[in-house]
Amino acid sequence: MEYPFLTCAIARSTKVLGDSWSLLIMRDMLCHKHSKFKEFKASKEKIASNILTNRLKSLLEIGLIEKLDPTGSKKSTTYIATPKGMESLPIICQMYLFSIDSIDESLLNRHAKKCKKTN
């Protein structure tokens, strides 16, 4: 997938990996060894099935993951990271370290509570 209008390398990277669901799917795949739709769906972030389907399709299209379907049934479908997808691991690790070092969790919890009250 080409993005000729994005001249900055960071802008191109965020176009591919910038949404949180894609990063969380890659995290689950690379760090938690998830490979089945059901495993991604069971993640603590509670991704909706339609969003998960769309993100897996997008990650397939850009070559970060590949789909293995040994028996041709949905239950046998497995997703694995490609070498290109594995290159996202240092990004995920750095985001984790940044979160631990630089983000005050109490502020995030307070914000989450406010959001729940307004919904």
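The values are calculated or read from the model by the stated rules, or taken from the named source; none is laboratory data. Not measured: the values here are computed from a predicted model. Using ideal geometry, Cβ is built from the backbone for each residue, glycine included, and neighbour counts are taken over all protein chains shown.
Okay, here's what the table says:
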quantity: Long-range neighbours under 8 Å by Cβ, at least six apart or interchain, first residue under 12 Å from Phe37 (Cα atoms) within the range 48-65, second of a type in the set (Ser, Thr, Tyr) and at pLDDT below 95; calculated: Arg55/Ser22
quantity: Candidates Leu64, Leu52 - the one that is modelled with pLDDT of 90 or more and in contact with a strand residue (DSSP E or B) (Cβ under 9 Å, 6 or more places away or on another chain); calculated: Leu64
quantity: Ile80, sole failed condition from (1) in a helix (DSSP H, G or I); (2) modelled with pLDDT of 90 or more; calculated: (1)
quantity: Per-region count, the range 54-83, residues surrounded by 13 or more Cβ atoms within 10 Å (Cβ to Cβ) and hydroxyl-bearing (Ser, Thr, Tyr); calculated: 5
quantity: Residue within the range 92-101 that is touching a Ser or Thr at 6+ places or on another chain (Cβ under 8 Å), surrounded by 10 or more Cβ atoms within 10 Å (Cβ to Cβ) and either modelled with pLDDT under 95 or not hydrophobic (A, V, I, L, M, F, W, C) (or both) present; calculated: no
quantity: Close pairs from the range 82-100: first within 23 Å of Glu61 (Cβ to Cβ) and touching a residue at least 40 places away in the same chain (Cβ under 8 Å), partner in a helix (DSSP H, G or I) and among the basic types (Lys, Arg), Cβ under 8 Å, at least 6 apart; calculated: Ile92/Arg27
